[in-house]
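To start, the structure itself, in structure tokens.
The numbers here are math on the coordinates, done by the rules we state, and not lab data. Since we're looking at a predicted model, the values are computed, not measured. All Cβ positions, glycine included, derive from the backbone under ideal geometry; neighbour counts span all protein chains shown.
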Amino acid sequence: MGTALVTGASAGIGLEFAWQLATARHDLVLVARDRERLEHLAGQLRAAAGVRTEVLVADLSDRGDVDRVAARLAAAERPVGLLINNAGYAPALPFVDDDLASQEQALDVMVRVVMVLSHAAATAMRARGRGAILNVGSVAGLMATSAYSAHKAWVQTFTEALAVELDGTGVTATCLRPGLTRTEFHDRAGVDVHAYPEIAWLDTESVVACALSDVRRGTVLSTPSLRYQTAATALKLLPRAAVRSLTHLRDAIVNPPDEHPDESPEDPADPV
Ligand code: NAP
């Protein structure tokens with residue numbers, strides 16, 4: 001796979017991708033906003049694994065920055081053999097409570113960027129007759145959790161379509177669907193991690209090892225752990241009304257209703 005380009009390499013799952021790929025002797029292009037973290041990581045990877053590392057600082061909600069990353073993927077003289085579209089986050093507020101600009105930014109980072117970078121990578125890789133694209137979705141893409149589920153459902157369907165289109169070209173497309181994984185994701189989203197039972201959590205090491213093994217095999221849907229494979233199968237088989245009820249139940253556990261709502265009994269919110 002040669003050089004790998006990883007978005008969101010400064011933390012969590014992306015950071016682990018960088019370490020496991022460097023250990024497997026892949027050169028790396030590290031993409032995220034936090035220059036200090038990326039340069040520190042690049043130095044560590046060079047020293048520990050002897051691989052070549054490039055730091056590409058980019059805010060993926062900025063279209064100019066996205067174009068710079070796409071140009072790097074298209075550069076014929078320094079071919080990228082593996083693209084990992086990993087950068088992502090859950091906005092801290094539900095869709096209607098949030099302002100539209102923040103929601104558009106999330107859509108850009110998790111949907112538009114995946115499309116633009118996949119296009120740049122697939123074009124260059126198909127011309128060379130080899131390469132792999134790994135897009136990070138989520139089991140949340142099978143549920144109905146805010147706009148985030150819709151973004152991740154798009155990532156899955158898009159990746160499956162890409163795999164069909166690229167079949168026979170030497171280029172593969174894989175969608176990774178992690179369940180809850182211990183990273184900075186939940187802190188950044190303001191989610192209380194204690195609301196979830198211990199059994200629900202995965203670690204980045206096993207998620208990334210499963211993903212890379214599936215990429216090497218050309219597997220299209222990669223769902224780490226038996227428990228989340230079972231959950232994904234159940235979510236696919238259940239009627240959508242049951243999936244929506246499950247999402248309600250999960251939301252009620254993670255965000256219990258405010259015991260002291262702003263509205264006083266004399267001033268009830270008017271649903272009309
Ligand atoms: P994380 O620890 O918070 O890391 C997120 C990464 O994305 C960071 O490197 C961050 O870097 C980067 N990023 C965020 N916004 C960016 C932007 N505008 N431009 C460039 N980079 C940006 O979260 P994680 O859990 O590793 O998440 C990685 C992926 O896994 C995401 O797509 C997420 O949706 C998915 N996922 C996570 C879980 C989970 O439970 N953790 C479950 C399913 C799917 P900077 O801040 O330096 O820019």
- [ ] Express the relative contact order of segment 1-49 as a whole percentage, based on alpha carbon pairs under 8 Å and six or more residues apart in sequence.
- [x] 39
TODO: Enter the angle in degrees (range 0 to 90, nearest 10) between the Cα long axis of helix 204-217 and the first principal axis of the Cα atoms of the chain, meaning the one along which they spread out most.
DONE: 50
Task: Helix 35-49 vs. the chain, principal-axis angle (Cα, 0 to 90°, nearest 10) - done: 50
Task: Cβ charges +1 (Lys, Arg) and -1 (Asp, Glu), total dipole of segment 186-261, debye - done: 600
Open item on the list: Rounded to two decimal places and with Rh computed the Kirkwood way over Cα pairs, what is Rg over Rh for segment 1-101?
Closed with: 1.03
TODO: May I ask for the angle, rounded to the nearest 10°, between helix 113-128 and the longest principal axis of the chain, with both axes built from Cα atoms and the value confined to 0 to 90°?
DONE: 20
Task: Estimated FRET transfer efficiency (ALA101, GLN44; beta-carbon r; R0 25 Å; 0.05) - done: 0.10
TODO: Evaluate the Debye formula for the chain with equal point scatterers sitting on the alpha carbons, no solvent, and hand back log10 of I(q)/I(0) at q = 0.07, 0.12 Å⁻¹, in q order, two decimals.
DONE: -0.26, -0.74
TODO: Would you calculate a helix-derived [θ] at 222 nm for the chain, using -39,500 (n - 2.57) for each DSSP H run of n ≥ 4 and dividing by the full residue count, to the nearest 500?
DONE: -15000 deg cm²/dmol
TODO: Please list 237-248, 49-60 highest first by mean number of surrounding beta-carbon atoms within 10 Å per residue.
DONE: 49-60, 237-248
Task: Residue (of GLN103, MET115, ALA92) at the positive-pole extreme of segment 1-120, dipole from beta-carbon charges - done: MET115
- [ ] Calculate the spin-label point distance for MET115 paired with ALA161, positioning each point 7 Å from the Cα along the beta-carbon direction, and give it in nanometres.
- [x] 0.8
